[in-house]
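What follows is a short report on a single structure.
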Amino acid sequence: MPSTVKSVGYTLETATPITLADPRLLGGTVHSKTDVYEAAGLAANDIIQMVSVKEGEVVVGMLLGFDALGTGATLDVGDGGDVDRYMDGVVASAAAVARLGEAGTPGGGTYIAVPPDGMGYQYTADDTIDVKIATVSGTATGTIKLTVFYIPMGG
């Protein structure tokens, strides 16, 4: 027999007495930050610090655009605590745009589930969101552009 269950937020909302979830996780004003890096001769495992994040900010979305960076190029997007918190193994040997949680070839229908700590991740300290050249034959060269959508501390 099918069962009906409740999400964490809905459970809190329907509890007696009502318990309110963190408002940043229920909604708020979404802001964005965008930055660009012109890669020239980056090797595998090099890390580009792209966008600063402040304590309390909640990441709710992300776009990663790039030129064809080189043969066998793949990218990870994460931070100081987890190098692939947001994207893992995005193929970057051809120009494309990838979205939060996408892996493989952007637009090619190959996706992974966003790791549980990536979707709606709230920072407990200031950090940077980084792009890692995960793999490349030779070096990576070309434009990398990252846009991060987030809810700031206080909503």
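Structure notes:
- Segment 78-116 - residue that is part of a loop (DSSP other than H, G, I, E, B), surrounded by fewer than 21 Cβ atoms within 10 Å (Cβ to Cβ) and among the hydroxyl-bearing types (Ser, Thr, Tyr) and, of those, modelled with the highest pLDDT: Ser93
- Test: residue in segment 62-76 that is under 20 Å from Thr124 (Cβ atoms) and touching a strand residue (DSSP E or B) at 6+ places or on another chain (Cβ under 8 Å): yes
- You will find that of Leu63, Leu75, Leu69, the residue that is aliphatic (A, V, I, L, M) and assigned to a loop (DSSP other than H, G, I, E, B) is Leu69 and no other.
- Failed item, numbered, when Gly41 is tested on (1) at negative phi; (2) part of a strand (DSSP E or B); (3) modelled with pLDDT of 90 or more: (1)
- Test: residue in segment 46-56 that is modelled with pLDDT of 90 or more, farther than 21 Å from Ser32 by Cβ and in contact with a strand residue (DSSP E or B) (Cβ under 7 Å, 6 or more places away or on another chain): yes
- Complete set of residues in segment 46-60 that are surrounded by 20 or more Cβ atoms within 10 Å (Cβ to Cβ) and of a type outside the set (A, V, I, L, M): Glu57
The values are calculated or read from the model by the stated rules, or taken from the named source; none is laboratory data. Here the structure is a predicted model, which is why all the values come from computation and not from measurement. Here the Cβ is made from the backbone with ideal geometry for all residues, glycine too, and neighbour counts use every protein chain on show.
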